[in-house]
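In what follows, a single structure is set out as C-alpha cells and then discussed.
The values are calculated or read from the model by the stated rules, or taken from the named source; none is laboratory data. A quick note: this is a predicted structure, and the numbers were derived from the prediction, not measured. With ideal geometry, Cβ positions are generated from the backbone for all residues, glycine too; neighbour counts draw on all protein chains shown.
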Amino acid sequence: METFDYIEIKIPAKPQYVGVVRLTVSGMATRLGFNYDEIEDLKIAVSEAVTNVVHHAYTEAVGEVVIGSALYKNRLEVMVADDGHGFNFEEIKSKIGPYTENESVEVLREGGLGLYLMETLMDEVRVKNDDGVTVFMTKYVTREQVKDNVKRIPTK
C-alpha cells in the first residue's frame with residue numbers, strides 16, 4: 001500500500017474562506033515539488049470546487065465545506081465535500097463548451113465554468129452526488145527530465 005500524508009480542513013461555506021483553501025493547497029503543492037504553473041492550476045481548480053459549494057450547496061443556512069488532501073510522492077489528491085443540495089454533473093457538463101468561432105462572446109454561458117476548469121486543469125476529476133456533492137481531483141507531479149543533468153553556469 002502506498003504511503004501518504006492526509007490533511008483535512010473544515011471551513012464555513014463563505015466566500016472569505018476560499019483564500020484560506022488556496023493558500024493551504026499552494027503550501028501542500030510546494031511541498032510535493034509542483035512547479036509554479038501546476039500550483040496555479042491546483043489553486044484555481046480547488047477554489048472553483050469550493051466556490052461552487054459556497055454559491056450552490058446551501059440556500060437557507062451557512063453550511064460547511066470539508067477539504068481533504070492526500071499527499072503522495074507523485075501526486076496530490078484533493079476532495080471537496082459538502083452536505084448541501086446536489087446537482088446533475090452530466091447535465092451541467094453538457095451545457096458547457098466547447099465554443100465555436102460562430103458564437104458571439106456576448107452569449108457565452110456562465111454556468112458550469114467551474115466544472116470545465118476543474119476538468120481542464122486537473123489530471124483526474126470525479127464527482128459523487130449523493131447527500132451533497134463530493135468532488136475528487138488528482139494532479140500528478142511532472143518532473144523535468146533535464147533538471148538533474150544540466151550544468152550550472154555561475155552568475156558571479
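Tabulated data for the structure shown
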read-out: Condition met for Val54 (at pLDDT below 95, in a loop (DSSP other than H, G, I, E, B) and either out of contact with any helix residue (DSSP H, G or I) (no Cβ under 6 Å at 6 or more places or on another chain) or more than 15 Å from Met137 (Cα to Cα) (or both)); value: no
read-out: Residue among Val78, Val62 that alone is surrounded by 15 or more Cβ atoms within 10 Å (Cβ to Cβ) and at pLDDT 70 or above; value: Val78
read-out: Contacts under 6 angstrom Cβ, first residue in the range 111-133 being in contact (Cβ under 8 Å) with a residue 24 or more places away in the chain, partner of a type in the set (Gly, Ala, Ser) and buried (at least 16 other Cβ atoms within 10 Å of the Cβ), 6 or more apart; value: Met118/Ala45; Leu121/Ala45; Met122/Ala45; Asn129/Gly86; Gly132/Gly84; Val133/Gly86
read-out: Filter result for Ala29 (at pLDDT below 95 and in a helix (DSSP H, G or I)); value: no
